[in-house]
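First up is the structure itself, then whatever we jot down about it.
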Amino acid sequence: MRSGFVAVVGRPNVGKSTLVNSLVGEKVAITSPRPQTTRNTIRGIRNDADRQIIFVDTPGLHRPRTALGSRLNRLVYGSLEEADAVLLVLDATQKVGPGDRLIAERLQQAEATVVVVVNKVDIARNDRILEQLEEAGAWDFTAYVPVSALENDGTERVLEEIDGLLSEGPQYFPTDTHMDQPDRLYAAELIREKFLHRLREELPHSLAIVVEEMETRDNDTVYVGASAFVERKSQKGIVIGKGGSLLREVGAEARADLERFFGSPVYLDIRVKVEQDWQRRDQTLDRLGF
């Protein structure tokens with residue numbers, strides 16, 4: 001068997017998580033239109049007859065403004081150390097920017113084996129795609145592949161390029177495993193995803209979800225007790241919504257996803273709490289699991 005770890009890196013909101021889901025063939029990472037949706041390194045596992053590829057989805061590299069941002073950047077650089085290859089994802093709808101060039105420079109310094117993936121070609125102008133490929137071509141990485149992760153177009157070519165980079169190796173995970181996240185973390189991420197699609201401006205960055213209790217009760221119902229942390233009292237009412245409307249809407253949608261995941265009825269209890277400036281407090285970040 002051939003196997004290996006492939007880190008997926010890039011600036012925020014270039015579609016890394018959507019790409020990982022497409023390559024794995026299962027939803028293993030949450031997605032949203034908000035930058036910095038991913039806050040953990042998430043391993044999605046693709047199992048084929050003769051190979052196992054572990055894709056390591058990472059937070060978007062950015063200029064950190066908080067203690068949380070610094071921790072997320074360290075997660076990304078740490079994931080590169082265990083990777084056999086790297087997918088550097090660019091957004092085809094935007095010009096190559098300083099952030100892209102910085103990441104490329106770091107990868108060159110690390111002498112990493114890199115496949116550049118130019119994503120979102122389904123909504124990008126052809127001339128912009130060509131500009132991306134021309135500029136990125138100067139980096140002299142292993143391969144360059146235009147794709148639409150959302151439409152699952154071009155992802156087979158990405159797999160072909162990775163296939164040529166894999167070596168003989170062990171089977172790291174059972175063949176029926178698609179991700180290595182604990183159930184509590186995955187449940188928390190599903191809940192956060194529903195909020196992210198509904199919240200605006202800076203509030204998505206101020207929201208953290210922690211599943212504090214999870215158990216299967218007598219009638220096979222899975223009880224999930226979660227806390228939604230915000231940074232200011234003024235944000236609490238927004239997250240709850242008028243008369244609890246937003247909380248009910250998020251809860252219903254998250255519960256449906258959780259029931260599909262667990263294959264059992266789910267009782268979801270979400271409580272909104274204020275944790276002042278949690279993104280900037282190292283002790284609080286430790287307590288919240290970052």
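The values are calculated or read from the model by the stated rules, or taken from the named source; none is laboratory data. Everything numeric here is computed off the predicted structure, so don't read it as measured data. Because the Cβ atoms are built from the backbone with ideal geometry, glycine has one as well, and the counts that use them run over all protein chains shown. The protein model used for the area step is the full one, side chains on, heavy atoms only, and it has no ligands, DNA or RNA in it. Shrake-Rupley method; radii C 1.70, N 1.55, O 1.52, S 1.80 Å.
Of note:
- Residue list for the stretch 84-102, filter: open to solvent by 10 Å² or more (accessible area, probe 1.4 Å), under 17 Å from residue 133 (Cβ atoms) and part of a helix (DSSP H, G or I): 101
- Restricting the search to strands (runs of 3 or more DSSP E) fully inside the stretch 189-290 and requiring at least 1 residues that are under 19 Å from residue 40 (Cβ atoms) and open to solvent by 60 Å² or more (accessible area, probe 1.4 Å) gives 208-216.
- Some residue of the stretch 14-28 being of a type outside the set (Lys, Arg), at pLDDT below 85 and either closer than 30 Å to residue 125 by Cα or in contact with a helix residue (DSSP H, G or I) (Cβ under 9 Å, 6 or more places away or on another chain) (or both): no
- The stretch 141-188, residues that are assigned to a helix (DSSP H, G or I) and either open to solvent by less than 10 Å² (accessible area, probe 1.4 Å) or free of Cβ contacts under 8 Å to residues at least 24 places away in the same chain (or both): 155, 156, 157, 158, 159, 160, 162, 187, 188
- Residue under evaluation residue 127, criteria (1) touching a strand residue (DSSP E or B) at 6+ places or on another chain (Cβ under 9 Å); (2) open to solvent by 10 Å² or more (accessible area, probe 1.4 Å), criterion not met: (1)
- Hits in the stretch 221-266 - residues which are among the acidic types (Asp, Glu) and either within 20 Å of residue 185 (Cβ to Cβ) or free of Cβ contacts under 8 Å to residues at least 12 places away in the same chain (or both): 253, 257, 259
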